[in-house]
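Input: a single structure, listed below in structure tokens.
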Amino acid sequence: MTDLPRRAVTRSARLAALPLGYAGRTALGFGKKVGGKPAEAVASEIQQRTAEQVFKTLGELKGGAMKFGQAMSIAEVALPEEILAPYRATLTKLQDAAPAMPADTVHKQLAAALGDDWRDRFQEFDDTPAAAASIGQVHRAVWRDGREVAVKIQYPGAGKALMSDLNQVSRMARMFASMSPGLDIKPLLEELKDRAAEELDYLSESNYQRTFAVAFDDDEDFVVPHVLAASPTTVVSEWLEGYPLSRVISDGTPEERDHYGTLYLRFLMSGPARAGLMHSDPHPGNYRVLPDGRLGVLDFGAVARLPDGLPPSMGHLLRLATEGDAAAVVEGLREEGFVRPGVEVDAEQLLDVLRPFAEPAEHEYFHFSREWMRSHFTRLSDPRNPDMQHGFKFNLPPQYMLIHRVWLGGIGVLSQMDATVPMRGELERWLPAFAT
């Protein structure tokens, strides 16, 4: 068994300590300001300590908390330089910290999933995991027909731990609501719990992967591995040989950054039109650069079901935003539920909040960069800027939750890649009503 903490009381207490810790540090910071310490220095110190505590706790808890932390790691690109180092250190530990299951536990899981004769399905099976994640780990093996395969096995107790985390977060809904008064948090948390429960079902994940694999079979740009066998806790699929997209981020040439940034964007945007689904975990660890130059895609646990493609309202509103029609954008946002009834907003200021989404769409080719992302982050997180207060007036309708995760996460990854991509062309090709 792993050392994954599973007792609900222990996990809940540690999650609940996060806002309490932040409140304590804020009170301490107020005291220092009264004592004459510069406000900027106090804020930076609070942010540093909060980052370290949040990611340390999330990393140790694994389960849903760790998945939340991994998703947050994409936003690392937006952090100011002076506090980037402690965030980066804790994020790196978080992404690499999942515990490995002992071999005997792995064998028991496989027997339960594939039958007592599970070994007969493989010519070879490596007991040492090739990769680990928040709710499972991957082993390399050779299938009975000689194909190399990846065997993804869920941690025992992962489901209970994940749902415990999310139930605790749900109990903290009042705190979240007070922080963002425009947000209708309860239906959003219910949607999050529903999608998390779905992500725990590897059989459901395998069906999504099969759909993607058929839609992108023999594609000149992408490879989605075919599934060979599956159960609620195990998936066996074709092995993808290659290196992670994170290597392009750290060591890629400008040409590689632009090329794979374009492919990354294209896959995220084209999934709804080609497969009726959107891959909803944009973390670069889910993408592999293959020896033939194509982009391989992994992990289909988080998927948005969009049988009719992306909502036309998205393309329509984005086009209005690029044209600077603030009043029409606000009207459309109200119709879609992004601004709740009774919430008053300044149309021009709200349009300024949407600049990170609208600005790239205004250009035939757009260069995403850390500096560009940080400039928006700094502007929107400055309490002296009225745009920040308008950001808190936004609501996120549940049906847009995963789409928003992909959109924001994708911008973060492209900024990390320092990629120049044909933004307008991809939007016109894949986003309904944007070009009209």
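The values are calculated or read from the model by the stated rules, or taken from the named source; none is laboratory data. Note that the structure is predicted; figures quoted are calculated from it, not measured. Cβ placement follows ideal geometry from the backbone for every residue including glycine, while neighbour counts extend to all protein chains displayed. Just the protein is used for accessible areas: all its heavy atoms, side chains included, with ligands, DNA and RNA removed. Shrake-Rupley method; radii C 1.70, N 1.55, O 1.52, S 1.80 Å.
Looking at this structure, is residue 265 over 30 Å from residue 111 (Cα atoms), open to solvent by less than 50 Å² (accessible area, probe 1.4 Å), modelled with pLDDT of 95 or more and out of contact with any Lys or Arg (no Cβ under 6 Å at 6 or more places or on another chain)? It is true that residue 265 is over 30 Å from residue 111 (Cα atoms), open to solvent by less than 50 Å² (accessible area, probe 1.4 Å), modelled with pLDDT of 95 or more and out of contact with any Lys or Arg (no Cβ under 6 Å at 6 or more places or on another chain).
Of all residues in the range 253-265, none satisfies being in a loop (DSSP other than H, G, I, E, B), farther than 15 Å from residue 406 by Cβ and of a type outside the set (Ser, Thr, Tyr). When residues in the range 310-335 are screened for being surrounded by fewer than 17 Cβ atoms within 10 Å (Cβ to Cβ) and under 16 Å from residue 399 (Cα atoms), 4 of them pass.
Hey, among 281, 292, which residue is crowded, with 21+ Cβ neighbours inside 10 Å and within 30 Å of residue 250 (Cβ to Cβ)? Give the steps one after another, and end with the answer.
Numbers: 292 fails: crowded, with 21+ Cβ neighbours inside 10 Å.
Exactly one of 281, 292 is crowded, with 21+ Cβ neighbours inside 10 Å and within 30 Å of residue 250 (Cβ to Cβ), namely 281.
If you take the residues in the range 225-252 that are free of Cβ contacts under 8 Å to residues at least 60 places away in the same chain and in a helix (DSSP H, G or I), which one is nearest to the chain's Cα centre (by Cα)? Filtering the range 225-252 for residues that are free of Cβ contacts under 8 Å to residues at least 60 places away in the same chain and in a helix (DSSP H, G or I), the one nearest to the chain's Cα centre (by Cα) comes out as 246.
Out of all the residues in the range 317-352, which are hydrophobic (A, V, I, L, M, F, W, C), touching a residue at least 12 places away in the same chain (Cβ under 8 Å) and in a helix (DSSP H, G or I)?
Hits for the range 317-352 are 317, 318, 320, 321, 326, 327, 329, 330, 333, 347, 350, 351.
With respect to residue 184, determine if the residue is at negative phi, surrounded by fewer than 17 Cβ atoms within 10 Å (Cβ to Cβ) and modelled with pLDDT of 95 or more. So residue 184 fails the test.
Among the residues that make up the range 242-257, is at least one of them more than 13 Å from residue 421 (Cα to Cα) and in contact with a Leu (Cβ under 7 Å, 6 or more places away or on another chain)? Yes; the residues of the range 242-257 include at least one that is more than 13 Å from residue 421 (Cα to Cα) and in contact with a Leu (Cβ under 7 Å, 6 or more places away or on another chain). For the structure I just gave you, tell me whether residue 363 is open to solvent by 20 Å² or more (accessible area, probe 1.4 Å), over 25 Å from residue 247 (Cβ atoms), in contact (Cβ under 8 Å) with a residue 60 or more places away in the chain and part of a helix (DSSP H, G or I). Considered against the rule, which asks whether it is open to solvent by 20 Å² or more (accessible area, probe 1.4 Å), over 25 Å from residue 247 (Cβ atoms), in contact (Cβ under 8 Å) with a residue 60 or more places away in the chain and part of a helix (DSSP H, G or I), residue 363 comes out as no.
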